[in-house]
Structures are given as structure tokens and as C-alpha cells.
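To start, the structure under review is shown below, and the notes come after it.
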Amino acid sequence: MQQINIINAKDHVDEKVKIGVWLTNKRSSGKIAFLQLRDGTAFFQGVVLKNNVSEEVFELAKELRQETSMWITGVIHEDSRSKFGYEIAVEDIEVIGESEDYPITPKEHGVDFLMDHRHLWLRSSRPHATMVIRNEVIRATYEFFNKEGFTKIDAPILTGSAPEGTTDLFHTEYFDRDAYLSQSGQLYEEAGAMAFDKVFSFGPTFRAEKSKTRRHLIEFWMIEPEMAFMHQEQSLEIQEQYIAFLVQNVIDHCKDALEVLGRDIDTLKQYTQLPYPRISYDEAVEMLKQNGFDVDWGVDFGSPEETFLADQFKQPVFVLNYPKAIKAFYMKEHPTRKDVVICADLLAPEGYGEIIGGSERATDYDYLYDQIIKSGLDPKEYSWYLDLRKYGSVPHSGFGLGLERAITWITGEDHVREAIPFPRLLNRIYP
Ligand code: 4AD
Ligand code: MG
């Protein structure tokens, strides 16, 4: 008999199969027991008819406890009444592992309780659906950058550099010297772009930010493309194509997961329409002022400002050319406006905030050296990075997508912690 995963049920209709499952819930009456099951690939129902199985199996079915693991054998049937579309007429049950009283019951649980039990909560349908979408976003990311001719160049996690400023660095010891956990792979991707033209990295990044918001993780994953011989305008086109590609692939491949999460597909479809609007930082400040926000030119936007700006558009919106003083040292100065840099943040609709930060990079050695000094960084640590401006410096641009921010937006979840299997938050490193 063939062992299958229920996700492939459509290929096995009317066949007798064997599936490894856990029990999520059950109900029974005199002659029938309905087992709510999951096999890791989907949630479905097993039907045990008293007349169809031995007496022992029927008694066993009625006594199974939540999360008992077992082999079931039976015949797959199409069932238009079930959400999943298929169910299994159970003929035999073999218990593999008994289950103690399972802490997560079908009743509502508080956030802290669920976070303490994240290792078990992942089995539930909602986090399961979110992780299915996370997986699709990662798969589609590789597909997109491969089809666009990018080479994946992995950046180190332990570094001596601080591309995004020194305030939120995770310090560690590296034998007899200091090191930090990577805030961003960007500087290494720039080296990669000079060797491979178009590159990207995908890896964990760390920010010791003392912020406890629904957008901040301490450890998050970033996708960082970097393109040689490319100015910012072309980079923005790649960014919007990439985001639209992610959303379209989630729509195409994750219908069930989106339904579990209650995410409206027509809303998502709007986000596949290109181009995305572009406004300058200057315009953004004006829009905010006219609508009663107390902002002066030069400040960085907080969550209320970003939400307001995004609400003015139906798609994600690029905010271009922020003040130099509030952006990273490596950004290229605007040729005619010395007080701004050539950069863009992409703000997601519906209050999800910045999902991409990117810029054109400074190409001039002396300018960059000066910026490093002005940012309080040690030029010795950046001497390799400065080398990239000594040997055939070219215009180049790149960006970083925060994976969990993007997933939170696409899934419509209300907190970024839901977008990663084991979130690291200000006060949480367990489990
Ligand atoms: O804007 P950031 O800091 O940009 C960089 O790190 C650049 N070096 C990227 C590049 O150009 N290669 O971070 C990029 C993105 C943000 O737009 C946001 O989506 C996400 O990373 N991000 C976070 N996500 C979750 N928790 C945090 N604490 C985050 N900080 C940034
Ligand atoms: Mg940013």
C-alpha cells in the first residue's frame, strides 16, 4: 500500500493509502467517528464507520486524544462538503505515539501563552498557513532572481562592520577581538556585484533595537540584491517587479492558506499592478503637514506618518530621496541637492510600513572615506569596502527586503512575530 501525503489526495481518489497523521479534534456518535487530522501538509477529516472497521479500531478511534500520532489506512474520497475537498474512509488505525493533555485546545489562548508554546502552536492551522506562505515567498524569491540573472552570494553573519549604524549592534567576542552579528549583508553584496554583476543574498540579520512594536524583530531575514552598472531608477523597477511577482505567486500557489488567514485575494491583486507610485521625501513632508502632522523637513517618519502616506495610495508607494543626515553613510549624494541622498523606502499599504530600504551607492573614494569618518566608524574596518572604489568603481544600486515585514503584509497578519517560526523579540528568546 502506498504511503502518501494528503496534499496529493487528488492523485489517489478511490485508492487505499497509508498516511502518518496527528489528531487535532474528534467527535463521535453511536456508529460513526469523525477524526480531524493533519499530516503536516494539510488538515483533513477521517471518517470511521463502525461497520467498516474492527470493534477494537472503532473503540480506539473514540478514545484518541488530541495530538496522538498514528498511521491510518483507508480510501481517499472526494468530498465537496469538506473545506479541503477530500476525506479518508478509515479502515485501520495504528497508534505511534500517545499524547498527554495537549496545552493548546480549540478554545482561545492569549498571545503570551501561544508564544511560550510556539513549538506546538506551529502545528495549528493559522501559523501553518502563514509558514506555507513564507515558504512560497522564499521559493518565488529564488525563482525571480534566477530568472533575472542574479547570482546568490552569501554574506557572512559574523562581521566587523556596521552598515546600518552603531546603535543597534549585537556585540560578540571573536577570539581575542570584537565582532558583531550582521545587520545587513549589503557591503559584501557590493563586493559581489563587482565580481558577478547582479547578486543577491538571503540570510538572517540582527538588530539590537530596543523597540517593541508590531514591525520589529531582533532577528529577521533579509533579501539583499545588488546590481552593478545600475542607477536607482532601474533598481526601483526591479523592486516593484519583484514585489508584484511575490504577491502573484502567493495568489497562484497559496489559495488555501490565504483562505485560512481570511486574506482577500482581490485586495492582493491590486498590488500586482505596476508601476507603483513614487513620491519624494519633500512631497511626503508637505502631504503630512497639510494633514495636521507635526513634522519638519529632516525628521525620519514613524509608524503613523508611514501609515498615513501609504493610505493615500492603493499600491505600495516609494518615498524617494530622504535627508542625508538620517540615512546610512554609503548612500550616493544627490547631484543637485547636497542635503538628500538617492534612496527609496517602499511603504506597504494597510499600515505595514517600510518593507524595502534601498539606494544608489556612493562610488567616489574620497566622499565615502569622509562619510565613514563622519559616521564615527573606523576606516580600517572598511578598507576592503573602500577598495571597491579604487579598482574600477561603477554606478551600482541595491536594496533590502525585510522578509517578515513582507510576509506580514501579504498574509494580513497583525504582528511581524507571526511571520517567522521562532521570533526573537525584545523580551523573548524562548522557545
Ligand atoms: O532599511 P534597512 O535598515 O536597510 C538595510 O539594511 C540596507 N543595508 C539594505 C540594502 O540596501 N541592502 O533594512 C531593510 C529592510 C527594511 O525595509 C525592513 O523591511 C526590514 O529590513 N527591517 C526589519 N524587519 C524586521 N525587524 C526589524 N527590526 C527590521 N529592521 C529592518
Ligand atoms: Mg530602512
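Rounding to the nearest 10 and keeping the result within 0 to 90°, find how far the Cα-based axis of helix 125-147 lies from the longest principal axis of the chain.
50 degrees
Just PHE318, PHE220, PHE301 to compare: in a GNM of the chain, with alpha carbon springs under 10 Å, which one fluctuates most?
PHE301
With springs connecting C-alpha atoms under 10 Å apart, model the chain as a Gaussian network and identify which of ALA162, ALA406, ALA89 has the largest mean-square fluctuation.
Its mean-square fluctuation being the largest, the pick is ALA89.
For the chain, what's the relative contact order in percent, using C-alpha pairs closer than 8 Å and at least 6 residues apart?
Contact order relative to length: 13 percent.
To test your reading of the geometry: what angle, between 0 and 90 degrees and rounded to tens, separates the Cα axis of helix 281-290 from the longest principal axis of the chain?
70 degrees
Give me VAL137, VAL75, VAL13, VAL416 sorted ascending by neighbouring Cβ count inside 10 Å, so fewest comes first.
The most exposed by this proxy come first: VAL13, VAL75, VAL137, VAL416.
Which one of ASN321, MET222, GLY298 is farthest out on the positive end of the charge dipole of the chain, using unit charges on Cβ (Lys, Arg +1; Asp, Glu -1) and the Cα centre as origin?
So the residue we want is MET222.
Exposure proxy check: TYR430, TYR391 ranked by fewest other beta carbons within 10 Å?
TYR391, TYR430
Quick check on the exposure proxy: order ILE243, ILE96 from fewest to most C-beta atoms within 10 angstrom.
ILE96, ILE243
Mean residue ellipticity at 222 nm from the helices of the chain, using -39,500 (n - 2.57) per DSSP H segment of n ≥ 4 over the full residue count, to the nearest 500 deg cm²/dmol?
The helix-only estimate for the chain comes to -9000 deg cm²/dmol at 222 nm.
Can you tell me the FRET efficiency between ASP339 and HIS77 if r is taken as the Cβ-Cβ distance and R0 is 56 Å, rounded to the nearest 0.05?
0.25
Could you work out which residue, out of GLU418, GLU91, GLU173, moves most in a Gaussian network model of the chain, that is, has the largest mean-square fluctuation with Cα springs under 10 Å?
Top of the fluctuation ranking is GLU173.
How large is the direction-averaged shadow of the alpha-carbon convex hull of the chain, in nm²?
Average of the hull's projected areas for the chain equals 24.8 nm².
Below 17 Å, Cα to Cα, which lysines can LYS147 reach? Residues fewer than 8 away in the same chain don't count.
Hits, sequence-local ones excluded: LYS198.
I'd like the Karplus ³J(HN,Hα) series for region 422-430: coefficients 6.51, -1.76, 1.60, θ = phi - 60°, whole numbers in Hz, and an x wherever there's a Gly or Pro.
Residue by residue, region 422-430 yields 10, x, 9, 10, 3, 10, 9, 10, 10 Hz.
Taking the Cα centre of the chain as origin and charging only Cβ (+1 Lys, Arg; -1 Asp, Glu), how large is the dipole, in debye to the nearest 20?
Result for the chain is approximately 380 debye, rounded to the nearest 20.
What residue among GLN239, ALA419, THR363 has its Cα farthest toward the positive end of the dipole of the chain, where the charges are +1 on Lys, Arg and -1 on Asp, Glu, each on the Cβ?
Toward the positive end, the furthest listed residue is ALA419.
Since every read-out is calculated from the coordinates, none of them should be taken as a lab result. These figures come from a predicted structure and were not determined experimentally. Here the Cβ is made from the backbone with ideal geometry for all residues, glycine too, and neighbour counts use every protein chain on show.
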